[in-house]
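Below is one structure, written out as structure tokens; the observations come after it.
The values are calculated or read from the model by the stated rules, or taken from the named source; none is laboratory data. What you see is a predicted model; the values in this text were computed from it and never measured. Positions of Cβ are backbone-derived with ideal geometry, glycine not excepted, and every protein chain shown enters the neighbour counts.
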Amino acid sequence: MATVLLTGGSQGMGRGLGKLLAQKGANVVIVARNQKNLESALEYISRFHYISADVTKVEENERIIREVTEWNHGQPPDIVWANAGMATPTFLMDTSVEVMRQQMDINYFAAAFLAKSILKAWVDPSKSKDVDKKSMGSIPPRHFIMTSSTAAFVGVAGYSPYSPPKAALRNLADALHEEVQFYNGARYHSSGIAAPEIKVHLVCPGTIASPGHVEEEKTKHPVTRILEEGDPVQTEDEVAAVAVRELEKGYYLIATNFLGKAMRASVLAGSPRNNWFIDTVFSWIASVVWLFVQPDMDGKAWKYGKTHGLAGAGQAAQ
């Protein structure tokens, strides 16, 4: 039975993931800051353990890994999902320096700090099971998963504080995907300790009907709503189901709806492919479609500015 550590697990996508993973038989440890939300989520998920922590702090991530390892009978978790995040959609000139830093902290550094802490635990020989090297192929791999956003693929007016850290996560995932190949290769030359293979994944959902989305609407500029018109909205359980299903297929870079998959295909660049043939053909099609979509989005933003002037913008923060 796998042990899963899930940050941002008290509401939204994280709550849906915790419930689904528990139903699949995993030992789930959810992490969030709000104690009341954690207790409510644990009741919804119906089993296992929670930790209250601020994942934007390095020392808190190290504490989380220590506590989960102790709870898991001295073994680090098999799957770690960096799911914590939040959006404060505003125009850049209306965003305070404090909010800009907060968006980077929760949407990028929280995942990067967790990655650093769990990789140190996973490659520590004292935390690896003593297995004959001939049997290493039968050891289930460990998975580090990060939740980004379709905002990592396409910049949209009004998401300037949010989309850059999500895009940074995508680049971090690409770099870690290659970095763990070093660890995976090195395990075949260790002194008798056979560590499991490590795999990295990135999940990029679109709009999720959640308490977080309700909060986003409070600061969102009207032009951002216009640009988002027609975007699919998924429930937390729908997003969780798609994400887990595609992870079970071994996919690396996952979008959870068709629009997100098209956006993903158009900007794959140097990222690993889930399926080289399908991704290549889809990227050709998406690149052609984007020749029409991008000018349309630019035109909508320009038209709104022409019609309304600077109404709602520049009220700004210091």
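Restricting the range 1-11 to residues that are at pLDDT below 90 and either among the aromatic types (F, W, Y) or touching a helix residue (DSSP H, G or I) at 6+ places or on another chain (Cβ under 7 Å) (or both), the residue that is nearest to G206 (Cα to Cα) is Q11. Taking each residue of the range 175-197 that is in a loop (DSSP other than H, G, I, E, B) and looking for partners that are of a type in the set (V, I, T) and modelled with pLDDT under 90 with beta-carbon atoms closer than 6 Å, six or more apart or interchain, yields A194/V131; P196/I139.
Table: residues versus (1) out of contact with any Gly (no Cβ under 7 Å at 6 or more places or on another chain); (2) modelled with pLDDT of 95 or more; (3) within 28 Å of F48 (Cβ to Cβ).
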residue	(1), (2), (3)
I118	yes, yes, yes
V123	yes, no, yes
K129	yes, no, yes
K133	yes, no, no
A167	yes, yes, no
R170	yes, yes, no
D174	no, yes, no
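Quick check on the range 76-100: of everything there that is part of a loop (DSSP other than H, G, I, E, B) and among the aliphatic types (A, V, I, L, M), which residue is surrounded by the most Cβ atoms within 10 Å (Cβ to Cβ)? Checking each candidate, the answer is A84.
Of F153, F144, which residue is in contact with a strand residue (DSSP E or B) (Cβ under 6 Å, 6 or more places away or on another chain) and among the aromatic types (F, W, Y)? F144 is the lone residue from the list that is in contact with a strand residue (DSSP E or B) (Cβ under 6 Å, 6 or more places away or on another chain) and among the aromatic types (F, W, Y). So which of V214, V200, V233 ends up being surrounded by fewer than 16 Cβ atoms within 10 Å (Cβ to Cβ), over 27 Å from V293 (Cβ atoms) and not acidic (D, E)? Result of the check over V214, V200, V233: V214.
Can you pull out the residues in the range 205-219 that are charged (D, E, K, R), assigned to a helix (DSSP H, G or I) and without any contact (Cβ under 8 Å) to a residue 24 or more places away in the chain? Result: E217, single match. Residues that are more than 14 Å from the chain's Cα centre (by Cα) and farther than 20 Å from Y251 by Cβ were ranked within the range 155-179; the one that is surrounded by the fewest Cβ atoms within 10 Å (Cβ to Cβ) is G155. Name the residues in the range 135-150 that are assigned to a helix (DSSP H, G or I) and at pLDDT below 95, would you? The answer is S135, M136, G137, S138.
Entry remark, the range 23-59: residues being assigned to a helix (DSSP H, G or I) and at pLDDT below 90 number 11 in total.
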